[in-house]
Structure formats: C-alpha cells, structure tokens
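Here's the structure, in structure tokens; my notes come after.
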Amino acid sequence: MYHLHDTGKSLRPNPPWVRTFSQYVSISLNPVLGRCEAQLLNVCAKGRRQREIHPPKKKKSLSEGFNNQLLFPASAWPKDCSEIPRGSHSGVYIIQPKGLHHLVVYCEMNVTHGGWTVIQRNQRDTPVTWAESWSTYKFGFGNVRTEYWLGTEYIHQIAKQKVYQVRFVIQDSADNLSFADYNLFSVEDESHGYRLRLGSYNGTAGDAMTSDNPNSMHDNMKFSTKDQDQDTYSKNCAYSYEGGWWYSSCYSVRLNYKGGMTWGNLCKGNCKDAPGTGCPGDRVPQGEGAQGKGCPSDRVCR
C-alpha cells in the first residue's frame with residue numbers, strides 16, 4: 001500500500017458545510033500532515049480512465065456507497081485526504097486536487113490521526129492485471145475498495161500541491177506487518193518521465209527504495225511500463241517483470257505485480273499484501289507495512 005501525507009500542516013476543524021450522515025460506507029482518502037500517511041487509491045476500472053465526477057450545483061449528498069457521506073459546496077472540495085475533517089471514518093471520498101477534476105480516492109482516517117491518501121494497494125491473489133500500458137497507468141485502474149493504482153498523472157498532481165511524505169506498508173508471508181517511511185515524496189510530470197524523488201528513510205521494512213546498488217535503485221528513476229521503457233537496463237524491466245514501476249535495472253521492490261510481491265530482503269516474491277502507499281505530512285502510523293512487488297503493498301503519502 002502506498003500512502004501520501006502532507007507535511008507540516010494541521011487539520012482544520014469541521015467546517016460549517018460538512019455534515020455526516022448515519023449511513024457509513026468504507027471509502028477513504030488519507031493525506032498525512034507532518035508525519036502522517038496518506039493513501040492514494042486507484043479508482044478506475046482496468047483499462048479505463050478514472051471517471052470524472054462533477055460537483056453538484058447545490059449542496060447535495062454524495063451518492064450512496066461512499067463512507068461518511070459529506071456535503072461540500074462546489075468551491076470547497078478537499079484537495080487530498082488531509083483536508084477531510086478529523087474524526088471522519090476511513091473510506092472512499094471525493095477530492096479535487098488543485099487544477100484537476102474530481103477524483104474518487106480512499107482515505108485512511110483511523111491511523112496516526114488520519115489524513116492519508118492511498119495511491120496504490122495490492123495483494124497476492126489480486127484479480128488485477130498489473131502488466132498494463134503507459135496510458136492505463138497514467139489514469140489508473142483497479143477497484144478503489146480493493147486493489148488499484150490511482151494513476152501516475154493523478155499522483156503527480158496531488159504530490160505537487162504540498163510537501164508530502166510516503167509510507168509503504170508490507171505484509172510478509174508470516175502475516176507480519178512492516179513499514180517504510182520516506183520523509184519527502186514527489187513525482188515529476190510526464191515530460192520528465194514521472195521521475196520519483198524520495199527523502200530519508202525510517203521504518204522496519206528496510207530501505208529498499210533508495211538502495212546503494214545502481215542496478216536495484218528506485219529513487220530518482222523514471223516510470224516504465226511494458227510499452228514505455230525508461231529504465232537503465234538493456235531490456236524492458238516492466239515488460240519482463242509484468243508491471244509498471246520506477247525501475248533501474250531492474251528492482252529491489254516489486255509491488256505492482258499479479259502474484260507474490262517483493263520488498264528488498266524482507267520478502268522476495270512471497271509477500272501477501274500491500275495495504276497502500278504514500279502520505280503527506282506529520283502523522284505517520286507506526287508499525288504498518290508497505291505493499292510492493294512480491295509482497296502485498298500499500299503506498300501511502302501525506
């Protein structure tokens with residue numbers, strides 16, 4: 001799992017236009033403030049672009065099926081999960097990053113003060129096929145409630161709004177959860193290959209993303225897919241290993257994969273689950289793992 005969290009920001013009190021309904025559906029966006037984890041979820045069906053959701057002209061509740069149905073005026077949609085009011089339930093929410101249309105995302109609100117936006121989630125027995133094209137990865141695929149990729153373009157657009165940190169959560173074959181936090185997280189635009197930039201590591205999973213080995217480095221790498229080879233290897237890593245990622249030649253982390261995922265020496269092709277990845281900020285859940293190739297992965301940024 002991949003979480004994004006916004007660093008150095010504090011959560012706002014519940015604004016007057018927010019109202020919580022009695023019906024609760026588990027849909028969540030979770031940006032991390034300061035040292036928090038935010039999860040960015042991929043919410044599009046496989047092979048399809050994420051559907052744009054238009055705000056109502058008048059105050060109107062979100063459609064049934066969303067966790068914590070909230071009322072937002074058209075001009076005040078949250079930019080990421082860190083702007084979801086404190087105390088809200090984890091689940092699926094609608095956000096609108098600056099300059100972008102509305103997105104449906106999963107927010108993790110129950111861990112380390114919440115506010116995590118989930119950008120990726122996977123598990124070993126996933127029905128999702130991760131060997132997708134550049135355009136499919138760009139706009140996302142999967143199911144926001146289960147396994148998905150939020151979309152490389154959407155991850156870039158969200159991460160450029162604030163200073164974010166990311167958390168990877170990994171569940172190994174023995175059902176142990178580990179995590180890897182990086183105190184800075186950004187993804188460059190498409191013209192620069194969606195190059196990944198990470199800060200300093202902290203956690204229990206091991207620093208597999210910023211390895212000293214240039215052949216397995218992921219930090220500072222461009223994103224590659226089966227039809228867009230931007231790695232440093234003589235062949236196409238994404239094609240050979242059946243999943244888009246920030247490859248060098250080729251990997252120490254493999255989270256976008258149908259089957260057992262990999263995270264460094266923690267689990268090599270036999271991890272079970274990755275809850276999410278990416279998180280912006282201060283609130284970082286402790287003791288959680290990161291999903292990756294070969295292991296269940298969850299990238300969270302805040």
**Message:** Looking for something assigned to a loop (DSSP other than H, G, I, E, B), out of contact with any Lys or Arg (no Cβ under 8 Å at 6 or more places or on another chain) and more than 21 Å from Asn265 (Cβ to Cβ) - is there at least one such residue anywhere in the range 197-209?
**Reply:** yes
**Request:** Filter the range 127-171 down to the residues that are in contact with a Lys or Arg (Cβ under 7 Å, 6 or more places away or on another chain) and under 23 Å from Leu266 (Cα atoms), then identify the one that is surrounded by the most Cβ atoms within 10 Å (Cβ to Cβ).
**Result:** Phe168
**Asked** Taking the condition open to solvent by 10 Å² or more (accessible area, probe 1.4 Å), in contact with a helix residue (DSSP H, G or I) (Cβ under 7 Å, 6 or more places away or on another chain) and either at pLDDT below 90 or under 16 Å from Tyr154 (Cα atoms) (or both), does Leu62 pass?
**Response** no
**Message:** Among the residues in the range 79-89, are any crowded, with 24+ Cβ neighbours inside 10 Å, at pLDDT below 90, farther than 28 Å from Lys258 by Cα and not acidic (Asp, Glu)?
**Reply:** no
**Item:** Matching entry among Arg121, Arg197 (being in contact with a Leu (Cβ under 8 Å, 6 or more places away or on another chain), open to solvent by 30 Å² or more (accessible area, probe 1.4 Å) and under 14 Å from Leu255 (Cβ atoms))
**Value:** Arg121
**Message:** Quick check on Asp181: is it acidic (Asp, Glu) and in contact with a Cys (Cβ under 6 Å, 6 or more places away or on another chain)?
**Reply:** no
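For the range 148-168, name all the residues that are within 18 Å of Gly244 (Cα to Cα), outside any strand (DSSP E or B) and in contact (Cβ under 8 Å) with a residue 60 or more places away in the chain.
Selection gives Leu150, Gly151, Thr152, Tyr154, Ile155.
Per-residue answers, yes or no, for (1) closer than 26 Å to Val169 by Cα; (2) open to solvent by less than 10 Å² (accessible area, probe 1.4 Å); (3) touching a Pro at 6+ places or on another chain (Cβ under 9 Å); (4) at pLDDT 70 or above:
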{"position": "Ala38", "(1), (2), (3), (4)": "yes, yes, yes, no"}
{"position": "Arg51", "(1), (2), (3), (4)": "no, no, no, no"}
{"position": "His54", "(1), (2), (3), (4)": "no, no, no, no"}
{"position": "Pro97", "(1), (2), (3), (4)": "yes, yes, no, yes"}
{"position": "Leu103", "(1), (2), (3), (4)": "yes, yes, yes, yes"}
{"position": "Cys107", "(1), (2), (3), (4)": "yes, yes, yes, yes"}
{"position": "Thr117", "(1), (2), (3), (4)": "yes, yes, yes, yes"}
**Prompt:** Does Tyr194 satisfy being without any contact (Cβ under 8 Å) to a residue 60 or more places away in the chain, assigned to a loop (DSSP other than H, G, I, E, B) and aromatic (Phe, Trp, Tyr)?
**Reply:** yes
**Fill in**
Quick count over the range 215-266, residues being at pLDDT below 95, part of a strand (DSSP E or B) and not hydrophobic (A, V, I, L, M, F, W, C), is 2
**Residue, farthest from the chain's Cα centre (by Cα), within the range 89-109, restricted to residues that are more than 13 Å from Ile158 (Cβ to Cβ) and in a loop (DSSP other than H, G, I, E, B)** = His89
**Asked** Among the residues of the range 110-136, which ones are within 14 Å of the chain's Cα centre (by Cα), over 30 Å from Ser240 (Cα atoms) and assigned to a loop (DSSP other than H, G, I, E, B)?
**Response** Gly115
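The values are calculated or read from the model by the stated rules, or taken from the named source; none is laboratory data. This structure is a prediction, so every number in the text was calculated from the model and none was measured. So basically every Cβ, Gly included, is an ideal-geometry build from the backbone, and we count neighbours across all protein chains shown. For accessibility, only protein heavy atoms count, side chains too; no ligands or nucleic acids. Shrake-Rupley method; radii C 1.70, N 1.55, O 1.52, S 1.80 Å.
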